[in-house]
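S.K.: Structure incoming, see below.
The values are calculated or read from the model by the stated rules, or taken from the named source; none is laboratory data. Everything quoted here is computed from the prediction, not taken from an experiment. When we count neighbours, we look across all protein chains shown, and the Cβ atoms used for this are built from the backbone with ideal geometry, even at glycine.
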Amino acid sequence: EVAEREKLPVVACQAWQLLALLARERGFDDADACLERMLTVAEEHSLPVWRVEALLRLGANAFLRSGDARRIREARDAARDLGALALVQQAEGLLAMDAVQRADFPAAQEIIDRCLEPSARMRNLGGHRYLLLVAATLAAHQGRRRQMERQLLRFDQADESTSFLMPVLLGLCRAFCALLEEDRAQALAELAAAAAWEDHHPNMFYL
């Protein structure tokens, strides 16, 4: 609010983005209120990249709450109009994960085929690793363990640092594959590993 009064819209957008992240610990309502303020500031001051950032985060939250991916698509289209390819790839990754969870496997594969290698060439590490995880999850949700393991190896090789996506990797990917294989013990072990990781790495669920 101080940044807005001082007519520093970029600083205000940065602040609302950070506050939204912190507010996720209290739930989506507070986080979305911050992001809506960020969106308003971006639109009032003609800051198109910040507008896309706000739409993308609002879209991810909406999908986690209800499965509604409309704002993610809106963010992708706006990023494409700007030529902001890294943001396009980020949005496409979220839409690919949406497709996996709806069992629309051809749609997910089409996005991965179109975006995975370009994200590597652009050195968009965050977008590239997420697409690799989506590719692994796509294989997992079809019971294709070998393909899942290949993609997870690429995920690890892309960046050896600890990823906040580990709960997704262990739960939505590895545990799900084990369930399709009817390997109850392995599924429980993967879920226990996810819970143990979160105990040592306070984390919010991300898409």
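S.K.: Pick from the stretch 18-41 the residues that are touching an Asp or Glu at 6+ places or on another chain (Cβ under 8 Å) and among the small types (Gly, Ala, Ser): which of them is modelled with the lowest pLDDT?
M.R.: Across the stretch 18-41, the extreme among qualifying residues is 23.
S.K.: Here are 87, 56: which of them is under 18 Å from residue 20 (Cα atoms) and in a helix (DSSP H, G or I)?
M.R.: Working: 87 fails: under 18 Å from residue 20 (Cα atoms).
Result of the check over 87, 56: 56.
S.K.: Inspect all residues belonging to the stretch 92-106 and state whether any of them is among the aromatic types (Phe, Trp, Tyr), surrounded by 21 or more Cβ atoms within 10 Å (Cβ to Cβ) and part of a helix (DSSP H, G or I). If you could, list the steps in order and put the result at the bottom.
M.R.: From the stretch 92-106, those among the aromatic types (Phe, Trp, Tyr) are 105; that's our starting set.
Checking the rest, the ones that are also surrounded by 21 or more Cβ atoms within 10 Å (Cβ to Cβ) come to none.
No, because not a single residue in the stretch 92-106 is among the aromatic types (Phe, Trp, Tyr), surrounded by 21 or more Cβ atoms within 10 Å (Cβ to Cβ) and part of a helix (DSSP H, G or I).
S.K.: Oh, and also: Looking at (1) assigned to a helix (DSSP H, G or I); (2) in contact (Cβ under 8 Å) with a residue 12 or more places away in the chain; (3) more than 15 Å from the chain's Cα centre (by Cα), which one does residue 25 not meet, given that it meets all the others?
M.R.: Condition (1) is where residue 25 drops out.
Yes/no matrix, rows are residues, columns are (1) in the same structural domain as residue 79 (by TED's automatic domain parsing); (2) of a type in the set (Lys, Arg); (3) over 18 Å from residue 72 (Cβ atoms); (4) surrounded by fewer than 16 Cβ atoms within 10 Å (Cβ to Cβ):
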site	(1), (2), (3), (4)
15	yes, no, yes, no
18	yes, no, yes, yes
22	yes, no, yes, yes
27	yes, no, yes, yes
32	yes, no, no, no
55	yes, no, no, no
58	yes, no, no, no
